[in-house]
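None of the figures in this text is laboratory data; all of them are computed from the coordinates on show. No experiment lies behind these values; they were computed from the predicted model shown. We place every Cβ from the backbone using ideal geometry, glycine too, and count neighbours over all the protein chains shown.
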Amino acid sequence: MKSREDLARGWWRKGENDLANARLCVAANQALDTACFHAQQATEKYLKAYMAFNGIEFPFIHNLEKLVALCSIHAQDFSLIKETAQALTPFAVEARYDDEFWPDIDTTREAINIAEHIRQFIFQKLPKSFQD
């Protein structure tokens with residue numbers, strides 16, 4: 001059976017891959033809808049990594065506001081990122097299924113900036129052993 005830290009590392013690695021994919025799309029100035037989706041997914045996985053590490057059970061949902069609320073039970077300052085994270089939630093579905101969703105480069109960069117900000121916020125809450 002995997003330890004909580006092993007589970008958290010798995011979620012974190014998946015988030016890192018999503019963020020890398022989002023950055024690649026922006027660098028190529030292509031598939032910006034996909035980049036927004038990956039920014040949302042990265043954020044979702046970073047939140048789930050935090051919860052896995054701390055033994056917080058979570059539902060398999062894409063609503064970042066609800067995931068942040070679960071994290072807030074363990075650390076109240078997660079409320080500081082609630083609104084920011086909430087901005088990415090629509091990209092979980094909209095980016096994949098809305099045939100009228102075609103974000104511009106500025107919207108896409110902002111989505112990635114949000115994901116990077118939340119990544120850093122969560123990373124600082126994990127112990128030094130996780131950061132190695």
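Across the chain, how many lysine pairs, 8 or more apart or on two chains, come within less than 22 Å at their alpha-carbon atoms?
22
Roughly how far apart, in whole Å, are the Cα centres of region 64-112 and region 1-58?
Region 64-112 and region 1-58 have Cα centres separated by 12 Å.
I need 45, 125 ordered by Cβ neighbour count within 10 Å, fewest first. Provide the component values of the computation, followed by the final result.
Working: 45 23, 125 15.
In order of increasing Cβ crowding within 10 Å: 125, 45.
Considering only 64, 24, 32, give the residue with the highest GNM mean-square fluctuation for the chain, with springs between Cα atoms whenever their separation is below 10 Å.
In the Gaussian network model the winner is 24.
Quick one: grab the alpha carbon gyration tensor of region 1-48, order the square roots of its eigenvalues as a ≥ b ≥ c, and give me rounded if a/c is under 1.5, else prolate or oblate depending on whether a/b is larger than b/c.
Prolate.
According to the Kirkwood expression over distinct Cα-Cα pairs, how big is the hydrodynamic radius of the chain, in Å?
14.7
Exposure proxy check: 68, 93, 26 ranked by fewest other beta carbons within 10 Å? Provide the component values of the computation, followed by the final result.
Values: 68 23, 93 13, 26 20.
Fewest-to-most ranking of 68, 93, 26: 93, 26, 68.
Under the definition of Cα pairs under 8 Å and six or more residues apart, what whole-number percent is the relative contact order of the chain?
The value is 30 percent.
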